[in-house]
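Q: Next up is a structure, given as structure tokens.
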């Protein structure tokens, strides 16, 4: 069997110790813990003040959208088991993060789908293919993330995914029941503006920033060329690194999925000379389309 060298990336021996240190999972990721407390606590306080009439519902809708957006790293690093060394604590962080903006989706189904994306990036078995399509369809695709995953699972009938799907259906039923009960009690507008609309707006932001932009050039599969299947975004790092939650270095994440997100910058600095010798797609600044850099 022929091994495709482009589908692999070998870290030089002299840099492996430094890389291993960057990949080390802490007792509790300070980034995850900070975002979890700030985002979850912020949403709870904002909701209480809005229900009591101290906050305008429209402005709180926007505030909750902003606060919920930061739960992506909480859920995502938990999926990759890099939120905490203890796996029960790691998953607890993930469950809380998911419950804040997407209680209808189980952590298990999100983990399964995302790991499939890493295994089959840009290929026919990548569930994130749902995130790509005609430009006019993109906001709807991003806002209906769970529908895309559901269709993918029902089409492929993966036994592990089907098992996790049962948990998601239970979550969805409980979420729907709570929303219906609150609406019956006269809080329907609160459900709409404090959770449903912010949740969908966050899905659009997450779909765009983390699922679509790093793979806007999706015609190269990772099995064909690992470093050309995912982009790097270089420039304006002072702004884009926090806004993208370190996923402007998305190629680093695909090379080392269990690395805590806040270590991506150091990993790029460590391995940039070697990566510059590979085929790369680089998005400069705020550009959408990447510039292709082919190794010579």
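Laboratory data are not the source of any read-out in this text; all were calculated from the coordinates shown. All values derive from a computational prediction rather than experimental measurement. In this analysis, Cβ positions are derived from the backbone assuming ideal geometry, glycine residues included, and neighbour counts consider all displayed protein chains.
Q: Just to be sure I understand the model, the point goes 7 Å from the Cα along the line to the Cβ. What's the resulting residue 156 to residue 13 distance in nm?
A: In this crude spin-label approximation the distance works out to 3.8 nm.
Q: Please determine, in degrees from 0 to 90 and to the nearest 10, the orientation of helix 264-275 with respect to the longest principal axis defined by the Cα atoms of the chain, where the helix direction is its Cα long axis.
A: With rounding to tens, the tilt is 30 degrees.
Q: While we're looking at this one, here's another question. Which order results if 96, 160 are arranged by neighbouring Cβ count within 10 Å, fewest first?
A: Least crowded to most crowded, the residues run 160, 96.
Q: If you take the beta carbon distance between residue 189 and residue 37 as r and set R0 to 35 Å, what does 1/(1 + (r/R0)^6) give as a FRET efficiency, to the nearest 0.05?
A: 0.80
Q: Over the Cα atoms of the chain, each weighted equally, I'd like the Debye log10 I(q)/I(0) at q = 0.14, 0.16 Å⁻¹, rounded to two decimals.
A: Results for the chain at q = 0.14, 0.16 Å⁻¹ read -1.10, -1.41.
Q: Summing -39500 (n - 2.57) over the DSSP H runs of n ≥ 4 in the chain and dividing by its residue number, what mean residue ellipticity at 222 nm do you reach, to the nearest 500 deg cm²/dmol?
A: For the chain, the value works out to -16500 deg cm²/dmol.
Q: For the pair residue 258 and residue 178, what calculated FRET efficiency results from E = 1/(1 + (r/R0)^6), where r is the Cβ-Cβ distance and R0 = 30 Å, to the nearest 0.05?
A: E(calc), rounded to 0.05, equals 0.30.
Q: Could you list 60, 227 in order of exposure, starting from the residue whose Cβ has the fewest other Cβ atoms within 10 Å?
A: By the 10 Å Cβ count, ascending: 60, 227.
Q: Also, I was wondering about something else. When only Cα pairs under 8 Å and 6 or more residues apart are kept, what is the percent relative contact order across region 30-215?
A: Relative CO of region 30-215 lands at 26 percent.
Q: Would you mind ranking 15, 217 by Cβ crowding within 10 Å, fewest neighbours first?
A: Ascending Cβ contact count within 10 Å gives the list 15, 217.
Q: Compute the distance from the alpha-carbon center of region 211-270 to that of region 88-129, in whole Å.
A: 18 Å
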